[in-house]
1. Sticking to Cα atoms, compute the Rg of the range 1-117 to one decimal and its Dmax as the biggest Cα-Cα distance, whole number, in Å.
2. Carbon and sulfur together cover what percent of the accessible area of the range 39-108 at a 1.4 Å probe radius?
3. If amide hydrogens are placed 1.01 Å from N in the peptide plane, which non-local residues have theirs closer than 5 Å to the one on G110?
4. First check a/c for the range 1-68, with a ≥ b ≥ c the square roots of the eigenvalues of its C-alpha gyration tensor; if it is under 1.5, answer rounded, and if not, answer prolate when a/b is larger than b/c or oblate otherwise.
5. Where does the charge balance sit around W25 when Lys and Arg score +1, Asp and Glu -1, over other residues with C-beta under 15 Å from its C-beta?
6. Quick one: dipole size for the range 1-52, taken about the Cα centre, charges +1 on Lys/Arg Cβ and -1 on Asp/Glu Cβ, in debye to the nearest 20.
Amino acid sequence: MLRVQDLMTQPVETVRAATPADEAWARMHTKGIHHLVVITAAGVVGVISDRDAGGRRGSSLRRGRTVADLMSRSPVCVTPDTPVRKAANVLRGRSIGSLVVTDDRGRLVGIVTAADLLELLGRGIEHPVVERRRWTLKHRVPHRKRHQAAGAW
């Protein structure tokens, strides 16, 4: 079974909550990423996406604001051993674009995004399909013939 640890991006690009929003967006744009994990001394406190920051046309939204003003607070976290299928269902079910991956102590170890899952799907990396024989009605022996073969008739 494929796990989040097989797919997550690490190291994770992080940003402080007090960072100007323009600076965070410029960093995302320059690095070609869509999410920054927001950290403080206490640990992970949020995620800011390029969408949160207004994208290319969001300069007026970002002007005079910090990452803390625009970030999504209390990010959804998973562990490295979370199955990829469950991670995908969490992303889909909550309509979010990323999951923060933390260890059992709550320390940041990675990030998984919807783009990571689409790349995985596009590459076709999945478990081999076990071919099983599918029984249909045409494979059944009629009731009368079964009993005749067994000598019951």
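1. 13.9, 46
2. 44
3. HN-HN under 5 Å from G110: V101.
4. It comes out oblate by the Cα gyration axes.
5. So the environment of W25 carries a net charge of +3.
6. Magnitude of the dipole: close to 100 debye.
The values are calculated or read from the model by the stated rules, or taken from the named source; none is laboratory data. All of these numbers come straight from a predicted model, not from anything done at the bench. Neighbour counts run over all protein chains shown; Cβ positions are idealised from the backbone, glycine included. Heavy atoms of the whole protein, side chains included, go into the accessibility calculation; ligands, DNA and RNA do not. Shrake-Rupley method; radii C 1.70, N 1.55, O 1.52, S 1.80 Å.
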